[in-house]
Amino acid sequence: MFAVFTYLADWLAYQVFGLDPETDIGAAVHFFIEDSSKIFVLLIVMIYLIALIRASLNVERVRAYLAGKPKWLGYSLGAGFGAITPFCSCSSIPVFLGFTTAGIPVGITMSFLLTSPLINEVAIVLLFSLLGWQMTLIYLVIGLAVGMLGGLILDSIHAERHLQAFARKAYENAATGSIDAPETMRLSITQRHEFAKAELYDIFSRVWQWVLLGVGLGAALHGFVPEGFISDHLGQGQWWTVPSATLLGIPLYANATGIIPVMESLLNKGLPIGTTLALCMSTVAVSFPEFILLKQVMLWRLLALIAVMLLVAFTLIGWLLNALAWVL
């Protein structure tokens with residue numbers, strides 16, 4: 001489905017602009033065109049569809065169903081949905097906005113947001129071919145656990161208090177039943193469309209420029225990543241290499257599928273498995289571009305908490321995997 005964006009980027013970057021795909025600028029421009037076009041389409045489609053569903057279904061029943069179930073089930077559903085959706089960190093944000101405006105508990109929503117960039121079916125297949133079933137299973141369990149535990153922690157501190165004003169208001173209105181379209185089950189098709197269109201315009205107008213900024217930063221870094229530097233300086237397996245790799249992943253940006261070839265290259269150059277995964281998980285889940293976008297729906301204190309929580313988790317996971325690789 002996403003191949004059309006790759007073809008579009010190939011055509012614009014290499015034929016229209018005449019750039020060389022082997023150059024840094026060619027790779028950066030291709031990355032920017034492909035990811036920005038993909039995210040904009042996902043942003044428009046997902047916001048519209050979720051708003052249309054809100055106008056068509058009884059959201060109270062969804063919240064009542066979740067309220068009547070153990071919290072761990074809600075976190076499991078959120079993390080599981082994140083695992084089966086083919087979204088990177090930036091393109092999962094439209095779904096996050098839709099969940100929030102529908103009044104879905106923030107912990108469940110965050111379970112989705114944290115898991116979605118870490119796991120998808122293509123990445124799992126590639127990991128299986130690269131690392132074998134044992135490490136792939138460990139990675140899958142870790143990705144789901146990070147999402148579920150993250151949701152639990154953020155629910156326990158009432159993270160909805162730290163959303164931006166418009167997102168917090170939408171969440172509170174939905175959670176209390178005072179949403180803008182109270183008689184959703186009685187709306188005509190035209191009214192549902194108008195409601196969804198208004199939601200799309202409101203949210204899209206707030207975030208489109210930040211999509212360009214975030215993807216632009218990611219594209220600039222994508223074209224000039226010193227891969228040799230990483231393997232040369234972090235390949236000895238000392239304890240400090242794992243937290244260093246985790247911090248190094250922050251300025252970078254890639255999705256779970258795109259990072260697999262980088263992972264293979266780093267492993268072939270001798271980088272330990274735990275150090276490699278810590279770097280790659282940080283790249284796909286704690287990148288600057290993602291946090292630039294998240295700043296539009298979260299306050300700084302919540303962003304800082306999520307960043308610290310993930311960086312600590314990835315560091316611990318990296319140490320654990322290095323130890324397991326030594327044993328196995």
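The values are calculated or read from the model by the stated rules, or taken from the named source; none is laboratory data. Quick caveat, the model's predicted, so the values are computed rather than measured. Cβ sites come from the backbone with ideal geometry, for glycine too, and all protein chains shown count toward neighbours.
Scanning the stretch 239-261 for residues that are modelled with pLDDT of 70 or more, closer than 19 Å to Val215 by Cα and of a type in the set (A, V, I, L, M, F, W, C) yields Leu248, Ile250, Leu252, Ile259. The lone criterion from (1) modelled with pLDDT of 75 or more; (2) of a type outside the set (S, T, N, Q); (3) closer than 30 Å to Lys169 by Cβ left unmet by Pro289 is number (1). Scanning the stretch 299-328 for residues that are within 17 Å of Trp240 (Cα to Cα), surrounded by 13 or more Cβ atoms within 10 Å (Cβ to Cβ) and without any contact (Cβ under 8 Å) to a residue 12 or more places away in the chain yields a single hit, Leu316.
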